[in-house]
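First comes the structure, then the notes that go with it.
Nothing in this text is a laboratory measurement; each read-out follows from the coordinates by a stated rule. Since the model is a prediction, treat every value here as computed from it, not as a measurement. Cβ: placed from backbone, ideal geometry, glycine included. Neighbour counts: every protein chain shown.
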Amino acid sequence: MAIQTTRETYYEAIINQGYTRRDFMKFATFMAAYLGLENSAIGQIAEALEKTPRVPVIWEHYQECTCCSESFIRSDHPIVADIILDKVSLDYTETLMAAAGEQAEAAKHETMKKYHGEYILCVEGSVPLGADGVYCCIAGRTAIDQLKEAAEGAKAIIAWGSCASNGCVQSAKPNPTEATPIHKIIKDKPIIRVPGCPPIGEVMAGVIVHVLAFGKLPELDSMNRPKAFYSKRVHDSCYRRAYYDAGLFVESFDDPNAKKGYCLYKVGCKGPMTYNACGVIKWNNGVSYPIQSGHGCFGCSEDNFWDNGPIYERLTNIPGFGIEANADKIGKAAAGALAVGLGVHAVATALSKRKEMRRRQRAGEVNLQDLDD
């Protein structure tokens, strides 16, 4: 994977790849929509991609299963894979590059030297600190050494997936390898955390395009996650939410009510405490997502999700959501409220009718016997 001496712009790369100007504008519109930007941003994204030289990217892999890369290359828009991966000057990635051995390491070090302070470092996987880092070694060196070296000259770091963002299952108790997320190791670089196991491909593409198009990090929340994709709970956009509010829950995975859309909270769904765009963007070209497929949310974009109790048991200690703690009682309470409501309505109707009959009796329209009847 040779490094070019001159860098073409993203637009030039797209056209050289066989796409049309129309395809390019569709891509800019696609990215603006996913980033939640106004229509005016489409032109800004297009102009930036027309003029901006391709930014070199080094993509490191540590303790992970490569599901983030798998998700990324299956993004809904073909230009994402062709441009962000093939044409973004992706000078080093153990998963996708053709080079191997000394040739691969030489390409990475040449990029770090030639584009010092300019390249983006993408990291997939947590870093083990136990036993001096020997649990994960690449090219004869530990992951912690590799990370510190690559981060030193990076313009920014993107931590892909829950492994790099929060340690994921590798750091679950008792965490024998001392698996550690990137932001707890590198303190002097801007870091974007894009959690999920894996994150949605379009989310990953949107984060990179934002950095490339606007020359700065997207707006981040308190956990350094892009607000465009992590500002709402999965619960807030869930199509089963109406059943949750009505107190109608699936009691087990063979419950026939699951197909009717009943809420999955009682079989472990963590949607009420998970911030992600799964219910909006979905997966597999927008076809579905776990809850729509009948499985509760794992909560994989939240810290410590692996230690937050058994996956298939509901959380009853979610701060700020008293309704979850009383899921067993909600159905009965809803039914009771309905009965009370019907009773109140019946009494009110009777009183209203009797009041009307008295008015009519005083007006001589009906006699007293009619009123008693």
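Some points to look at:
- Simple spin-label estimate for Ser222 and Gln292 in nanometres, 7 Å along Cα-Cβ: 3.1
- Separation of alpha-carbon centers, the stretch 148-162 and the stretch 265-295, rounded to whole Å: 29
- Stokes-Einstein D in µm²/s, Kirkwood radius over Cα pairs - the stretch 139-223 at 37 °C with 0.692 mPa s viscosity: 236
- Here the peptides 295-302, 27-34, 130-137 are ranked by packing, the mean other Cβ count within 10 Å, and the order with the highest first is 295-302, 27-34, 130-137.
- Efficiency of FRET from Cβ geometry, Cys137 and Val280, R₀ 30 Å, rounded to 0.05: 0.15
- For Glu251 and Asn304, the FRET efficiency from 1/(1 + (r/R0)^6), where r spans their Cβ atoms and R0 equals 30 Å, is about 0.65.
- The label point for Gln17 and the one for Glu152, both projected 7 Å from the Cα toward the Cβ, are 3.3 nm apart.
- Residues Ala33 and Tyr239, FRET efficiency given R0 of 25 Å [Cβ-Cβ distance, rounded to 0.05]: 0.75
- Restraint check, Lys173/Lys282; Lys187/Lys270; Lys108/Lys155; Lys114/Lys227, Cα-Cα greater than 25 Å: Lys173/Lys282; Lys187/Lys270; Lys114/Lys227
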